[in-house]
1. What tally of residues in region 181-193 results from selecting those that are under 21 Å from Val55 (Cα atoms) and loosely packed, with under 13 Cβ neighbours inside 10 Å?
2. Scan region 63-95 for residues that are small (Gly, Ala, Ser) and more than 12 Å from ligand 1 (Cβ to nearest atom) and report the count.
3. If Pro79 satisfies every condition in (1) assigned to a loop (DSSP other than H, G, I, E, B); (2) more than 14 Å from Pro184 (Cα to Cα) but one, which is the exception?
4. Pull out all pairs, ordered by first then second residue, where Cβ-Cβ is under 6 Å, the residues are six or more apart or on different chains, the first lies in region 156-174 and is in contact (Cβ under 8 Å) with a residue 12 or more places away in the chain, and the second is open to solvent by 40 Å² or more (accessible area, probe 1.4 Å) and within 12 Å of ligand 1 (Cβ to nearest atom).
5. What are the pairs, 6+ residues apart or on separate chains, where a residue within region 86-103 that is aromatic (Phe, Trp, Tyr) has its Cβ under 6 Å from a residue that is near ligand 2 (Cβ under 8 Å from one of its atoms)?
6. Would region 79-100 turn up any residue that is acidic (Asp, Glu), modelled with pLDDT under 95 and surrounded by fewer than 19 Cβ atoms within 10 Å (Cβ to Cβ)?
7. I want to confirm something. Restricting to region 125-173 and keeping residues that are within 12 Å of ligand 2 (Cβ to nearest atom) and aliphatic (A, V, I, L, M), which single residue is most open to solvent (accessible area, probe 1.4 Å)?
8. Look through Ser21, Ser66 and report the one residue that is away from ligand 2 (no atom under 16 Å from the Cβ), farther than 30 Å from Val178 by Cβ and crowded, with 16+ Cβ neighbours inside 10 Å.
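The values are calculated or read from the model by the stated rules, or taken from the named source; none is laboratory data. Not measured: the values here are computed from a predicted model. In this analysis, Cβ positions are derived from the backbone assuming ideal geometry, glycine residues included, and neighbour counts consider all displayed protein chains. Note: accessible area is taken over every heavy atom of the protein model, side chains too, but ligands, DNA and RNA are not part of it. Shrake-Rupley method; radii C 1.70, N 1.55, O 1.52, S 1.80 Å.
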Amino acid sequence: MFDLSNTNSTLVDFDLHTGLSKTRETLRRPLSAMKGMYHDQAAFDATVKSGDPLVYEFFDMGVPDSSGDVAYGTSITYPGKVGDEYHMTKGHFHTVLDTAEVYYCLRGHGLMMMESPEGEVEVQELTPGKAVYVPGRFAHRSINISAKEPLITFFAFPGHAGHDYGSIETQGFRKLVVERDGKPALVDNPRWSK
Ligand SMILES: O=P(O)(O)OC[C@H]1O[C@](O)(CO)[C@@H](O)[C@@H]1O
Ligand SMILES: [Fe+2]
């Protein structure tokens, strides 16, 4: 009925329940790949020692890194905590700072933590069906606040954006999300300094 011999477009499967693809591999970040990113160093060491859980995985679809292209894929952050801090992605600025990104939540319950170099902090709640637009200049980190479900999002950003982990790798975001009385709470990051 249709000529399906396309060569320029791409069609990829992403499972709505697992976020994974039958045809593509993810990049996987176990906890040991996040050294220095959780505030409770003792809990970090103990959790790595007791099995080094997979914290998140995501797709790099190999889209060209030009401004006319769009990088996309799913990101899956598994439930869990390191001490009192919820599982999260490393987080990054874009190397081309003013490039934005969109995340659409497919499953789970999470927060998108955002922070500009000038110190504006914004947090948006992610539940299935909600899309968050992360404006240019804002670093962003996904945080899974569910105790049992993975946080699955579909993301898209300009191909030339790049990832800049600089200040985040050394001192993190200004705010942390930790569990207090069974609920997520936003607190100052004691390690953050100007
Ligand atoms: O680069 P990080 O912070 O480790 O997180 C990876 C996530 O961010 C993305 O680069 C999208 O911005 C995805 O590949 C993935 O969801
Ligand atoms: Fe990004």
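1. Of the residues in that region, 3 qualify.
2. Here the count works out to 5.
3. (2)
4. So the pair list comes out as Ala156/Val70; Ala156/Tyr72; Ala156/Val102; Gly159/Val63; Gly162/Thr95; Asp164/Thr95.
5. Qualifying pairs under 6 Å: Tyr103/Phe155.
6. No, region 79-100 contains no residue that is acidic (Asp, Glu), modelled with pLDDT under 95 and surrounded by fewer than 19 Cβ atoms within 10 Å (Cβ to Cβ).
7. It comes out as Ala156.
8. Ser21
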